[in-house]
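First up is the structure itself, then whatever we jot down about it.
The values are calculated or read from the model by the stated rules, or taken from the named source; none is laboratory data. The shown structure was predicted, so the numbers you read here are calculated from the model rather than taken from an experiment. Don't worry about glycine lacking a Cβ; one is built from the backbone with ideal geometry, like all the others, and counts go over all protein chains shown.
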């Protein structure tokens with residue numbers, strides 16, 4: 001109990017809050033520089049503002065879900081550390097998995113406040129920090145060279161009237177979405193015994209509801225020429241599908 | 001503004017972005033890796049390096065491979081400025097990438113163009129700031145909010161946020177690309193049906209699915225460009 005009080009102390013809030021504040025300041029610098037450069041390059045100010053509104057509205061729902069992750073981890077790690085990890089670099093599935101592995105390596109039976117010591121807590125924090133440094137590290141080491149290479153590929157495509165880069169990225173995204181939708185199919189068909197069709201159907205149903213709502217919103221946008229609806233289409237589809245989950249969960 | 005002036009302006013912006021990005025990401029890495037040691041001083045117990053090394057061998061190598069793949073796959077989608085930000089602000093698959101891709105669609109920009117670089121950076125910076133603000137507000141209100149957010153009635157909704165996201169994105173990306181989307185979707189569905197335990201390694205399954213979809217896109221591209 002004494003340890004949990006220390007994990008939730010003002011000092012912990014100060015340590016974690018300072019890092020979050022630094023990263024927030026970095027975001028502001030990038031945002032302002034990009035916005036000003038876009039205007040100087042002659043980009044449409046209204047379009048840039050639409051992107052800001054769309055990004056902000058799209059983020060609110062997932063951010064609330066991330067906040068739930070903070071609540072979920074706060075029972076064993078206190079509030080400030082999960083607040084730091086999930087506000088910036090991490091993701092709930094990663095943090096939970098790595099924290100559990102570190103807890104096991106420390107000889108704990110599970111990630112629980114009851115077994116936590118100050119030493120095991122700092123070890124868990126270190127592992128959570130180290131395991132996910134590769135993206136930023138590669139950015140520091142390779143980003144300039146890699147970006148220039150991508151730029152020259154794009155330039156060559158433009159010269160030849162190609163544009164396979166765009167199609168490749170769309171292909172990668174199709175692959176990403178397929179992997180997750182395929183997983184939901186697998187969970188339904190074999191989640192509770194191979195080909196028993198007694199697994200959890202909810203993720204697949206929710207995905208289908210979201211796709212249907214998105215189809216409806218895109219139809220309204222195209223047929224009625226309501227352009228602004230696109231900014232809220234993803235957020236709206238997700239919200240309605242998540243609301244459907246509340247209704248459907250007791251039935252499936 | 002002439003095209004050459006625009007390109008010169010963007011080149012200057014781009015060069016400065018790399019300098020700022022490298023400095024900021026380096027400081028962030030130092031802060032994040034240093035924080036457990038600072039907390040160790042406060043708590044009077046330093047991290048155990050041997051336990052951390054053991055745990056790293058168990059799960060860290062997987063995340064290292066995943067992190068390296070993510071860098072090379074996602075950087076073209078995010079652009080230079082966007083990637084400096086996205087990799088330090090996290091939540092890439094479930095938030096930053098769909099956000100950047102949606103913004104690209106709204107702005108009608110093409111990958112690799114200066115305009116796309118600007119749009120992507122604005123989108124990811126905005127998304128990161130909103131995430132930080134929402135979570136900070138939530139943490140400030142955590143005690144009064146906890147009963148509402150963790151009420152059993154709302155849990156199914158928050159548990160399904162990722163399926164809701166991918167369902168909506170599926171419509172956007174499968175529409176007009178069914179001949180590219182169906183083969184990986186059918187194949188990976190079969191794989192998950194035959195080996196259901198693979199669902200815990202979904203992020204790795206993105207690689208073969210993406211490779212297949214890119215291969216099919218390439219074939220379609222060659223057919224239409226000939």
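Summary of computed values
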read-out: In the stretch B:186-203, residue surrounded by the most Cβ atoms within 10 Å (Cβ to Cβ) [restricted to those that are at the interface with chain A (Cβ under 7 Å from one of its Cβ atoms) and under 21 Å from the mean Cα position of the chain (by Cα)]; value: B:202
read-out: Positions within the stretch B:163-182 being more than 7 Å from every other protein chain (Cβ to nearest Cβ) and in contact (Cβ under 8 Å) with a residue 12 or more places away in the chain, in sequence order; value: B:179
read-out: 1 or more residues over 23 Å from residue B:49 (Cα atoms) and facing chain B (nearest Cβ under 8 Å): qualifying helices (runs of 4 or more DSSP H) within the stretch A:54-131; value: A:80-87
read-out: Odd one out for residue A:190, checked against (1) at pLDDT 90 or above; (2) closer than 30 Å to residue B:217 by Cα; (3) surrounded by 18 or more Cβ atoms within 10 Å (Cβ to Cβ); (4) at the interface with another protein chain (Cβ under 7 Å from one of its Cβ atoms); value: (2)
read-out: Of all residues making up the stretch B:94-108, the number that are more than 7 Å from chain A (Cβ to nearest Cβ) and surrounded by fewer than 22 Cβ atoms within 10 Å (Cβ to Cβ); value: 2
read-out: Failed item, numbered, when residue B:44 is tested on (1) within 7 Å of chain A (Cβ to nearest Cβ); (2) surrounded by 19 or more Cβ atoms within 10 Å (Cβ to Cβ); value: (2)
read-out: Residue B:12 vs. criteria at the interface with chain A (Cβ under 8 Å from one of its Cβ atoms) and either surrounded by fewer than 16 Cβ atoms within 10 Å (Cβ to Cβ) or assigned to a helix (DSSP H, G or I) (or both); value: no
read-out: Subset of the stretch B:49-85 [free of Cβ contacts under 8 Å to residues at least 40 places away in the same chain and more than 7 Å from chain A (Cβ to nearest Cβ)]; value: B:49, B:50, B:53, B:57, B:61, B:62, B:65, B:72, B:74
read-out: Scan of the stretch A:1-25 for residues that are more than 17 Å from residue A:85 (Cβ to Cβ), in a helix (DSSP H, G or I) and either touching a strand residue (DSSP E or B) at 6+ places or on another chain (Cβ under 9 Å) or free of Cβ contacts under 8 Å to residues at least 60 places away in the same chain (or both), ordered by number; value: A:2, A:5, A:10, A:11, A:25
read-out: Odd one out for residue A:143, checked against (1) in contact (Cβ under 8 Å) with a residue 12 or more places away in the chain; (2) within 7 Å of chain B (Cβ to nearest Cβ); (3) crowded, with 21+ Cβ neighbours inside 10 Å; value: (1)
read-out: Test: residue in the stretch A:89-104 that is at pLDDT 80 or above, under 23 Å from the mean Cα position of the chain (by Cα) and within 30 Å of residue B:168 (Cα to Cα); value: yes
